[in-house]
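The values are calculated or read from the model by the stated rules, or taken from the named source; none is laboratory data. All figures in this text were calculated on a predicted structure; none of them were measured in a lab. Don't worry about glycine lacking a Cβ; one is built from the backbone with ideal geometry, like all the others, and counts go over all protein chains shown. These area figures cover heavy atoms from the full protein model, side chains too; ligands, DNA and RNA do not enter into them. Shrake-Rupley method; radii C 1.70, N 1.55, O 1.52, S 1.80 Å.
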Amino acid sequence: MRERLSRLNPVASARVASRLMEATERHYWTPDASMLEAMRRAGEEIEDHLEGVT
């Protein structure tokens, strides 16, 4: 799902990733370590894509 959203609407995908990270920082959601790392990597990949970095 993340890959599809990222491909079709990278800006929305970046916003979702940002909101999830914010929820984690505010302790509204506590993902396990592997999920948190996957979210961070996905967010970085999306930002790189938006900035034209490959």
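Below, the figures for the structure above:
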quantity	calculated
Qualifying residue in region 37-54 (condition: of a type in the set (Gly, Ala, Ser), modelled with pLDDT of 85 or more, open to solvent by less than 100 Å² (accessible area, probe 1.4 Å) and outside any helix (DSSP H, G or I))	yes
Selection count, region 11-26, where residues are in contact (Cβ under 8 Å) with a residue 24 or more places away in the chain, open to solvent by 30 Å² or more (accessible area, probe 1.4 Å) and not hydroxyl-bearing (Ser, Thr, Tyr)	1
